[in-house]
Amino acid sequence: MALAEVRGSRARLARLGWGALVFALAALLYAPTLDHDFLNYDDDVYITDNPDQLQGLTPEGVRWAFTSFHGANWFPLTRLSWALDISLFGPEPAAFHRTNLLLHAATSLLLFLALARLTGRSGPSAFVAAVFAVHPLHVESVAWAAARKDTLSGLFFALALHLHGRGGREGPGRGARLGIFACLALGLMAKPTAAALPAVLLLLDYWPLGRLGRGRLVGPLREKWPLFALVAGFAAVGLAAQRAGGAWVSLEQMPLGVRVANALVACATYLGKLLWPSGLAVFYPHPGDALGAGSVVGAVLVLVAASALSLVRPYATVGWLWYLVALSPAIGLLQVGSQAMADRYMYLPLVGPTLALAWGACELADRSRRARRALAAAAAAAVAALALATQAQLRHWRDSEALFRHALEVSESSVAHAHLGAALLERGRVEETLAHYRRALELEPGFLRAGNNLAWLLATLPGRERSDRELALELARRASLQGGNADAAVLDTLAAAEASLGRFDAARETAGRALALAEAGGQADLARALRERLALYRQDRSYREPPPSRRRATR
């Protein structure tokens, strides 16, 4: 009895040591983000240019967080976490990055504790958690303030896994089940991708818990039905938010066949980046119907081979299905935005293949002490290599210019050109900005935001040629039509372009409509600026001051 107690105590100490190491790995690796800036990609939309968010953790701010579909999303818990940062520290990037860092480190720790409890094995659990902590695919989720959704949702996902392991083969008790339900609700309020949790728990019931044998399926399913019902309810709210924000890409714009082809290629590509994380970028443009048949066939072969390998062992089956289930909400069959894939979509799916690899390697190495030592050395080397790759990737996330210059090195896109142009404008490099906006429009003529921004600069910068101002009017008219003449910022640009050519009657009429829209939409800052410009147009004077560095226009 005494010997068993000593061994148990040693095991607990070893588990605490592994957990502390995993937490420290994540925290130290991402410490450089404390010196990073906010980005002009979503950080501005969600945080720095959002007056509702900037009011902090006030009663009105809490009400807004739970009722707003701002940005075509509903994630009140994430908004509340940002509000807390603002109330405590102000809108300082270091505070936001510190919270992301701590959330990621805590999630890595909880993932280790959950897997160790579920499987009874600390070594491979520590490897899976360490890979989760340091893999370069997670840089986007941790180093990007706007990606708080991933780290916060991941924390509750991992905590739910830990609670699920409490009852072992008997299953979680009533208290644990209530805790899991609460974790799922909180996770879904942080990001909808937590919807994969009930299915992942069923997979863990199969392996390692062994609760899904013949005649034993009803009990685990009965436990999970409240979770599936909760997911369905949250899914309805999330879809309503995306529909209200006009975020969905219609089947006319992107047919189902194109979506399926890209989903297959993305699913295989993520596996490649998991094993060899090179060519990572903040934005991967969607290929549309330009995706070659060879790429699709190759992806299908990879996925079929992986599916066949997953049948060899229960842990491989669970790992592979974890990957597919966790990735499915973001695979693009319901396309939102113009990206083909995104590194942040791998935050939770990455665990599945890593788990399968870890347990497969352990099974091979368990045959001899020498093999176990070699495996431990190889695992440490792999984690170190991934950490070095993450360290290099983090440098691209220090500010918007570095981020989008790197994105263009990986793959050219209108989005990268437009955001690099905006970053250069903040630094006063106007001609470079104009060149990037022009290139963005060459790649995507219908890019409303780039067209609006280019038109504003050409219309308002002092000393521009008449031909530039005529181009500004053409671009502003096109942007106004795209926006249904209902975007106050776009109409503001159109009015400035009209005034720049001496068409003051038209400018006054357009600016009046823009002002009405801005006031109705609660855009106080824009409304104030429009009143000042409207006063100029009434004096038959054009607006000739340098513009703000960023102009908001929805695509």
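Where a number appears in this text, it was derived from the coordinates with a stated rule and is not lab data. Being a predicted model, the structure only gives us computed values, none of them experimental. Backbone-built Cβ (ideal geometry, glycine too); neighbour counts: all protein chains shown.
Listed by chain and number, the lysines placed with their C-alpha closer than 22 angstrom to that of residue 224 are 191; residues fewer than eight positions away on the same chain are left out.
The alpha-carbon atoms of the stretch 412-538 define a convex hull whose volume equals 102 cubic angstrom per residue. Excluding same-chain neighbours fewer than eight residues apart, the aspartates and glutamates reachable from residue 273 by a Cα-Cα span under 12 Å are 343. Restricting the calculation to Cα atoms, the stretch 118-220 shows an Rg/Rh of 1.01 when the hydrodynamic-style radius is the Kirkwood one. For residue 248, no residue whose modelled amide H falls within less than 5 Å of its own remains once neighbours fewer than 5 places apart on the same chain are excluded. Using only the Cα atoms of the stretch 7-165, each taken as one equal point scatterer with no solvent, compute I(q) by the Debye sum, divide by I(0), and report log10 of the ratio at q = 0.11, 0.12 Å⁻¹. Each listed q maps to, in turn, -0.48, -0.56.
Inter-part distance, the stretch 198-257 to the stretch 291-335, computed on C-alpha centroids, equals 17 Å. Annotation for the stretch 449-500 versus the stretch 512-538: alpha-carbon center distance of 16 Å.
Summarising the label geometry, the points placed 7 Å from Cα in the beta-carbon direction at residue 501 and residue 391 lie 5.7 nm from one another. Multiplying the residue separation of residue 368 and residue 31 by 0.36 nm and subtracting their alpha-carbon distance yields 117.4 nm.
The Cα atoms of the stretch 84-157 define a convex hull whose projected area, averaged across directions, is 5.0 nm². Near the amide H of residue 340, within less than 5 Å, lie the amide hydrogens of 284, 286, all on another chain or at least 5 residues away, with H placed in the peptide plane.
The order of the peptides 37-49, 266-278, 119-131 by mean Cβ neighbours within 10 Å, most packed first, is 119-131, 37-49, 266-278. Shape of the chain from its Cα gyration tensor (a ≥ b ≥ c, root eigenvalues): rounded if a/c is under 1.5, otherwise prolate when a/b > b/c, or oblate? Cα axes put the chain in the prolate bin.
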